[in-house]
Amino acid sequence: MSPLPDKYLPTIDEAAAHLLARAEQARGLDVPAIRSRLTGAVEKYLFVGGENPEHADIIEFIEGIRADDLCLILACERGDEKAWEDLVANFDQTVRSAARKIASNPEDADDLASSIWAELYGLRTDRDGKKKSKLAYYSGRGSLAGWLRAVVSQLAVDQFRKSSRFVQIEEDREFDAIANEAALSGIDRLTSSTDDPETMVSDQSSADDISDALKEVIGRLDAEDRLLMKLYYFDDLKLKDIAAAFGYHEATASRKLTRVQDEIRKGVEKELKNKHGWTDSEVRRHLSDTAAGLGIDLETMLATLALLILLQDYWL
């Protein structure tokens, strides 16, 4: 991601002023207070692959940002207690509902929901003593409710992995280079009838295209690859146990898992371009944006979503 050229900064400020004007509650924010977040979003989403968008493209992009949601989050980051109270009051039910869909019992759901609010408030600090909060990842491009559901799913994955295992093999250096830590995301945007407008991608059309592409790619996976994914991501078997079941070394199992992830990514990108007419820029923007918003790599995100579809269509 390249730094935003100075010539675009007046455009950013113009769009920022308009964003504040259309917000019902600007929460005392001014252009300097929101400039950095908007600049970061523009750099991340528009300046990809060496592209140089027009000023009109930047204006249009920022016009699509949810003004009130972004102002609420930025005010919370600044320590505005009223904003924080509003965030909890308006979205606690969203967080708890998402937690109940993931957790195995009400007690675990309550614990997960409480953990979410702690993560959002920011209980940890960086080297400079500043709070580290997941609020910093919200760009305003999609619904705040959908983004919070994604945060719930991501934290559930993190907690699951921490309580599970790290695979240790003899060839540590080799394993470190090729093994990807998986994240079993509970996000079901592409595989359910949720009404949420933005849990995985920016709009329904994009979600349908990605879901269709994933199903096509899954249909071409051989039985062993499907089983490998299920055993590792869903059944939570260690790589050494999977390798023993198939009769090869666990380093080989990690290579195979990485290969399947890579094949899914390349296959989805090819399907989106050849069948659905997506451009290279659209593929990068939609898929990379989603993965970045979840804090995971693109291969892992697609492999995880593929597993959810696989479980729905083939295993359940």
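None of the figures in this text is laboratory data; all of them are computed from the coordinates on show. None of the values given here were measured: they were computed from a predicted structure. With ideal geometry, Cβ positions are generated from the backbone for all residues, glycine too; neighbour counts draw on all protein chains shown.
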message: Just to check I understand the Karplus step: with θ = phi - 60° and J = 6.51 cos²θ - 1.76 cosθ + 1.60, what whole-Hz values come out for region 270-287, glycine and proline as x?
response: 5, 4, 4, 7, 7, 9, 9, x, 6, 8, 4, 5, 5, 4, 4, 5, 5, 6
30 Å Cα-Cα threshold exceeded, pairs from Lys230/Lys275; Lys7/Lys273; Lys101/Lys238; Lys82/Lys134; Lys238/Lys266; Lys134/Lys240: Lys7/Lys273; Lys134/Lys240
Sequence ranges 33-41, 219-227, ranked by mean other-Cβ count within 10 angstrom, highest first: 33-41, 219-227
Loop-located chymotrypsin sites (Phe, Trp or Tyr not before Pro) in region 242-292 whose Cβ has at most 13 other Cβ within 10 Å (DSSP): Tyr248
message: I need the phi-derived Karplus couplings for region 239-246: 6.51 cos²θ - 1.76 cosθ + 1.60, θ = phi - 60°, integer Hz, Gly and Pro marked x.
response: 4, 5, 6, 5, 4, 4, 5, 8
message: Using the Karplus curve 6.51 cos²θ - 1.76 cosθ + 1.60 with θ = phi - 60°, what ³J(HN,Hα) values do you get for each residue of region 257-265, in whole Hz, with x for Gly and Pro?
response: 4, 5, 4, 4, 4, 5, 5, 5, 4
query: Counting other Cβ atoms within 10 Å of each Cβ, which trypsin sites (Lys or Arg not before Pro) in region 41-128 have at most 13 and sit in a DSSP loop?
result: Arg78, Arg127
message: What are the equivalent ellipsoid semi-axes of region 6-65, built from the alpha-carbon gyration tensor (square roots of five times its eigenvalues), in whole angstrom, biggest first?
response: 21, 11, 10
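Order these by the 10 Å Cβ neighbour count, fewest first: Val260, Val95. Could you put the intermediate results ahead of the total?
Numbers: Val260 21, Val95 24.
Placing the least packed residue first, the sequence is Val260, Val95.
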field: Gain upon complete extension [Phe234, Glu54; 0.36 nm per residue less C-alpha separation]
entry: 60.3 nm
statement: When Thr94, Thr304 are ranked with the fewest other C-beta atoms within 10 Å first, the list becomes Thr94, Thr304
- prompt: Can you give the FRET efficiency for Arg22 and Asp212, using 1/(1 + (r/R0)^6), R0 = 51 Å, r = Cβ-Cβ distance, to the nearest 0.05?
  reply: 0.90
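Between Glu43 and Thr258, what is 0.36 nm times their sequence separation minus the Cα-Cα distance? Round to one decimal in nm. Numbers along the way, then the final one.
On the way: separation 215, 0.36 × 215 = 77.40 nm, distance 2.92 nm.
Between Glu43 and Thr258, full extension yields an extra 74.5 nm.
How much length is gained on full extension from Ala244 to Lys132, taking 0.36 nm per residue of separation minus their Cα-Cα distance? It would help to have the intermediate numbers written out before the result.
Details: separation 112, 0.36 × 112 = 40.32 nm, distance 4.10 nm.
Going from the current span to full extension adds 36.2 nm.
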- prompt: Nearest 0.05, what FRET efficiency do His276 and Ala89 give at R0 = 51 Å with Cβ-Cβ as r?
  reply: 0.80
